[in-house]
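Visitor: Attaching a single structure in structure tokens format; questions to follow.
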Amino acid sequence: MNQIPEERGLNAWVQRHINAPHAYWLFFALFSLEALLIIPLDPVLAFFVMKRRDDAFRLAALAATGTLVSALMGYAIGDFLWDVIGHKIVLLLVKQSTFDGFVGTYQQHYLPTLFVGSLLPMPFKVLVISAGFCQLPVLPYCAAIVGARLIRFFGIAYVCQRWGHAVIRFIREYSGHILLILAIKIVVALVCYLVFFR
């Protein structure tokens, strides 16, 4: 049985388009725009795999390819922002010495930071835009992100292919809790920033 439980919102939108002739192009476009979106895309991959289980790993590879496009787009945005308003933002938010120390640490440890950040459910746009903002080396940056995303997406594809309905029920039942936890993490991060870095 490949029937997906009825959903609302993003999941309902995915269900309406999942059998369209342009479904794979739409799927690729979503992951290519991940750096600009505020919605998590792992559930999109999960639902596509549920409906097209024979193409599970092809979908994972397509998602990782889209991530590369998104990573380059986010890097370009960050690099552009640094050139246009970067110094002004830095002076408004933190001391120059604090920012220089952050950039130095980031540049020294950027490969594990990007790899772990891309592997875990962290805000993708923060990773890619900050990489461009700090002007990290492009090729190692892309390799770290795509490598981590291949592991993550192939893992999701495997789990959904094998235990699909249980995964979808979990997403449906706990999506609100997951979003609440992410919101709390963002608030805590902002508070820590205001306390320790101002």
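Please treat every number below as a calculation from the coordinates, not as lab data. A quick note: this is a predicted structure, and the numbers were derived from the prediction, not measured. In this analysis, Cβ positions are derived from the backbone assuming ideal geometry, glycine residues included, and neighbour counts consider all displayed protein chains.
Visitor: Which whole-Hz ³J(HN,Hα) couplings does segment 22-34 yield from phi under the Karplus relation 6.51 cos²θ - 1.76 cosθ + 1.60, θ = phi - 60°, glycine and proline marked x?
Guide: Here the 3J(HN,Hα) series is 9, 4, 5, 5, 5, 4, 4, 4, 4, 6, 6, 9, 4 Hz.
Visitor: If you take the charge dipole of segment 35-152 about its Cα centre, with +1 on Lys and Arg Cβ and -1 on Asp and Glu Cβ, which of A35, A56, T113 is farthest toward its positive end?
Guide: Of the listed residues, the answer is A56.
Visitor: Sorting check: for 142-148, 24-30, which peptide has the highest mean count of neighbouring beta carbons within 10 Å, and how do the rest follow? Mind showing how you got there, number by number?
Guide: Details: 142-148: 19.3, 24-30: 16.0.
Sorting 142-148, 24-30 by mean packing, highest first, produces 142-148, 24-30.
Visitor: How would segment 45-85 be classified by its alpha-carbon gyration tensor: rounded, prolate or oblate, with rounded meaning a/c under 1.5 and the a/b versus b/c comparison settling the rest? Intermediate results must be reported in sequence, preceding the final value.
Guide: Details: a/c = 8.59, a/b = 3.93, b/c = 2.18.
Judged from the Cα gyration tensor, segment 45-85 comes out prolate (a/c at least 1.5, a/b above b/c).
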